[in-house]
Amino acid sequence: MSNKHFKYLVVVCVIIVTLIIGGTQEVCAQCQTCKANVETNLATGGTIGLGINSGIFYLLAMPYLMVMGLGILWYYSRKKKKRASLES
């Protein structure tokens, strides 16, 4: 893949991710038990439930970010090996 194609692919991926992140609405990704506990905690003046959605999204994103990181490492190691084989 040429450098021009790689830059084009990166730009397209950045645009897609921006549209996905910018176009999402706030969702409540909780089971009914968790939701009931958080509502009860907030009603009694607690602060435990304030960041529960952020925590759920954090846990959801981590596997994808790790796979993406491994993919980037794999891509650059293959690219480095290919350059080394072409030079020798």
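The values are calculated or read from the model by the stated rules, or taken from the named source; none is laboratory data. Values in this document were obtained by computation on a predicted structure and should not be read as measured data. So basically every Cβ, Gly included, is an ideal-geometry build from the backbone, and we count neighbours across all protein chains shown.
Structural remarks
- Given (1) at pLDDT below 85; (2) surrounded by 11 or more Cβ atoms within 10 Å (Cβ to Cβ), number of the condition residue 40 does not satisfy: (1)
- Qualifying residue in the range 69-85 (condition: surrounded by 10 or more Cβ atoms within 10 Å (Cβ to Cβ) and either farther than 17 Å from residue 6 by Cβ or of a type in the set (Asp, Glu) (or both)): yes
- Residue in the range 52-74 that is at pLDDT below 80 and in contact with an Asp or Glu (Cβ under 8 Å, 6 or more places away or on another chain) present: yes
- Candidate set: the range 1-32, residues that are in a loop (DSSP other than H, G, I, E, B) and of a type in the set (Ser, Thr, Tyr); chosen: the one modelled with the lowest pLDDT: 24
- Restricting attention to the range 48-66, the residues that are touching a residue at least 24 places away in the same chain (Cβ under 8 Å) and touching a Cys at 6+ places or on another chain (Cβ under 8 Å) total 1.
- Meets criteria (in a helix (DSSP H, G or I) and at pLDDT 80 or above) for residue 35: no
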